[in-house]
Amino acid sequence: MAYGIGDSALLALDGRIRSVRIDACLVWQRGSLVYSYFRNPQEERELHKVNSVTKSVLSVLVGIALGRRDLVTLDASVAEYFPEAPPDKRPVTLKHLLGMTPGFEWQEAGAWGSLPPPSEQNPNWIRFILERKMVEPPGRRMVYNSGCSHLLSAILQKATGMTASEYAGRYLFAPLGIDCWRWPSDAEGISIGGFGLLLRPADLLKLGRLMLEDGRWEGNQVVPAAWIRESTLPRLPASGRDGWYGYHWWIYGKSSEGPASPRVYYAQGFAGQFLIVVPEAQLAVVFTGDLGKKTLTPLHIFADTLFNDIKQSGAIGEE
């Protein structure tokens with residue numbers, strides 16, 4: 001079945017994004033950039049903080065590390081990398097961290113935010129995370145947790161001898177021709193796993209194009225194709241919203257009905273940062289913005305315009 005988007009959908013998209021504080025929007029389909037919008041010229045050139053989209057980039061790095069055998073298995077316990085971990089954390093594996101199902105208490109955006117700033121009373125973020133109270137067995141329930149991502153960044157660093165930023169620079173960004181980014185670290189020199197990465201919108205789109213090509217870029221297998229599929233499978237209903245969660249990727253749909261068809265997965269960051277991928281339509285969409293707590297606005301715009309058109313094109317193809 002050939003899914004596609006028409007000019008009317010792109011016009012509808014354009015009308016919607018101009019009414020809100022979206023800084024940039026790029027739409028790539030079947031090998032071509034079919035739409036681009038920048039609220040002002042510097043948005044095209046400047047680095048943009050993509051917030052929790054960082055988590056999905058980290059997932060891609062985990063896949064690269066598995067392919068290179070820098071990481072051997074996702075079934076390894078966190079205690080193999082952190083001998084200081086309390087005994088109750090030993091059942092927690094890398095799989096649990098990737099799926100955000102570790103079972104320990106976490107107040108994302110709660111009293112202490114996603115993670116304590118290094119200048120406050122807990123300068124050692126790893127210790128802070130490992131000391132969280134276990135409240136249920138690992139693997140039972142997905143609860144959004146930036147602590148999982150930071151542990152993964154630290155594990156990647158222990159396994160490779162490189163920060164996530166350095167590892168990305170060598171094995172992900174360089175092959176894609178991404179030569180400018182910033183990825184801040186915590187007080188211990190660990191790239192912040194859950195947020196903080198800065199990229200240009202066009203470079204974020206390159207990651208979407210990489211996902212569409214099952215990890216290949218200009219004839220080179222940058223990420224194992226098996227990892228692209230594995231990391232974007234819907235595993236558990238997402239906490240606090242409709243949809244599903246994979247290995248640091250969101251899967252679009254309603255929790256009561258299952259994932260949408262055709263399949264859509266996406267990376268999401270606070271204030272409207274999105275990388276949305278629709279493999280069957282060979283479509284990747286990037287949004288960056290300054291939307292505050294209206295984080296999901298770009299996803300709603302995508303659903304109402306491009307995804308609605310994709311579904312209609314599929315229905316026509318079935319006739």
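The values are calculated or read from the model by the stated rules, or taken from the named source; none is laboratory data. Since we're looking at a predicted model, the values are computed, not measured. Counting neighbours? That spans all protein chains shown, and the Cβs are built from the backbone with ideal geometry, glycine included.
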(message) Could you check region 223-265 and list, in sequence order, the residues that are within 16 Å of Val278 (Cα to Cα) and charged (D, E, K, R)?
(response) Arg229, Glu230, Arg263
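In region 81-106, how many residues are of a type outside the set (A, V, I, L, M, F, W, C), farther than 24 Å from Ser52 by Cβ and surrounded by 15 or more Cβ atoms within 10 Å (Cβ to Cβ)? Before you say what the answer is, go through the steps one by one.
Residues of region 81-106 of a type outside the set (A, V, I, L, M, F, W, C): 81, 83-84, 86-91, 93, 95-96, 99, 101-103, 105.
Next cut, farther than 24 Å from Ser52 by Cβ only: 83-84, 86-88, 90-91.
If we keep only those that are surrounded by 15 or more Cβ atoms within 10 Å (Cβ to Cβ) too, we end up with 91.
Looking only at that region, the number is 1.
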(message) Please go through region 126-151 and give me each residue that is in contact with an Asp or Glu (Cβ under 7 Å, 6 or more places away or on another chain), touching a residue at least 40 places away in the same chain (Cβ under 8 Å) and surrounded by fewer than 18 Cβ atoms within 10 Å (Cβ to Cβ), ordered by number.
(response) Met134
(request) For region 272-290, enumerate the residues that are surrounded by fewer than 20 Cβ atoms within 10 Å (Cβ to Cβ) and either at pLDDT 95 or above or farther than 27 Å from Arg39 by Cα (or both). (result) Pro279, Glu280, Gln282
(message) For a quick check of your reading of the model, give me the residue pairs whose first member lies in region 28-46 and is among the basic types (Lys, Arg), whose second is part of a strand (DSSP E or B), with beta-carbon atoms closer than 6 Å and at least 6 apart or on different chains.
(response) Arg39/Asp23
(message) So the check is Cβ under 8 Å with 6+ separation or different chains; which pairs have a first residue in region 208-221 that's under 13 Å from Gly31 (Cβ atoms) and a second one that's of a type outside the set (S, T, N, Q) and modelled with pLDDT under 95?
(response) none
(request) Give the residue that is surrounded by the most Cβ atoms within 10 Å (Cβ to Cβ), with candidates limited to residues of region 239-271 that are touching a residue at least 60 places away in the same chain (Cβ under 8 Å), more than 14 Å from the chain's Cα centre (by Cα) and over 24 Å from Tyr35 (Cβ atoms). (result) Ser239
(message) Taking the condition of being closer than 17 Å to Ile64 by Cα, in contact (Cβ under 8 Å) with a residue 60 or more places away in the chain and not hydroxyl-bearing (Ser, Thr, Tyr), how many residues in region 152-192 meet it?
(response) 9
